[in-house]
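Any read-out appearing in this document is the output of simple, stated calculations on the displayed coordinates, not a laboratory observation. Owing to the predicted nature of the structure, the values given are computational and were not obtained by experimental measurement. In this analysis, Cβ positions are derived from the backbone assuming ideal geometry, glycine residues included, and neighbour counts consider all displayed protein chains.
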Amino acid sequence: MALQLNLLHEQFSEQRQRQRDPLKLGIYALVAFGAVLFLWYGWNAYQTIQMRNQLNAAQAEWAKVEPKVTAAQKRAEELTKIIDSTKVLDGLIETRFYWAPLLGKLADCVAPNIQLVGLDGNISEAGDSASLVIEGLSAAREPRAAAEEFRHAFSETLTKNYTDVKVAFRNLEDLDTLATLAGIPTPTARFVLSVSFNPKPPEAEAATAETPAPKGRPK
């Protein structure tokens, strides 16, 4: 059996010892960990730069659009105010009381032996009540009865179109003067009627009365 001598045994042992040195291995591990941290930091820095670029682009785009948005908001506010004003005006027009139809009904109730000499009307600011003072002359054999017929006819006419109607004599007196009616001297009387009513039509009052009140939440 041949005998082999390894004259470099000590050198090989020192080399293997150096390769297995813990300090060197720790340095290698630290360098590797530092490289990983550097890469991670570089990736985060890259993402941050991308986000900043996107933010700058968005801010630049908003700077272009902002004047238009501000102008649109101001225009929308102006239109809203106009619409609200229009609704108020529409409400005033719809709830406004017109005297012409009332005067037409009054004219229909005036008989040939009745003459109106004064008329004064008023309506409340809320529009829920109106008043009327009518001054006139009646001519007939019984002038008071003629005035009462006119009062009754006008009261019935108002009741058909309005609510809370009250028509009463404020004054009724015979006059000494005679009026010529169909060529015949006829006794006369002077009357003053006090009229009050709610301009709301009876149908609207009925609809308001039939509308059920909102129910509360069940306990």
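Structure summary
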item	result
Anisotropy class of the stretch 99-206 from Cα gyration tensor, a/c 1.5 cut	prolate
HN-Hα J in Hz across the stretch 138-145 - Karplus 6.51, -1.76, 1.60, θ = phi - 60°, x for Gly and Pro	10, 10, 5, 4, 10, x, 5, 5
Mean Cβ neighbour count within 10 Å, used as a protection proxy, ranking 126-136, 146-156, 99-109 highest first	146-156, 126-136, 99-109
Where the Cα pairs of the stretch 126-178 fall when distances are cut into 5 Å bins, in %	4, 15, 27, 22, 14, 9, 5, 3, 1
Cα radius of gyration and Dmax for the stretch 26-96 (Å)	29.4, 97
Part-to-part distance (alpha-carbon centres) for the stretch 123-148 and the stretch 154-176, which is given in Å	5 Å
Lysines whose Cα lies under 21 Å from that of K105, excluding same-chain neighbours fewer than 8 positions away	K160, K166, K200
Rounded to whole Hz, the Karplus (6.51, -1.76, 1.60) HN-Hα couplings of the stretch 48-61, x for glycine and proline	4, 4, 4, 5, 5, 5, 5, 4, 4, 5, 5, 5, 5, 5
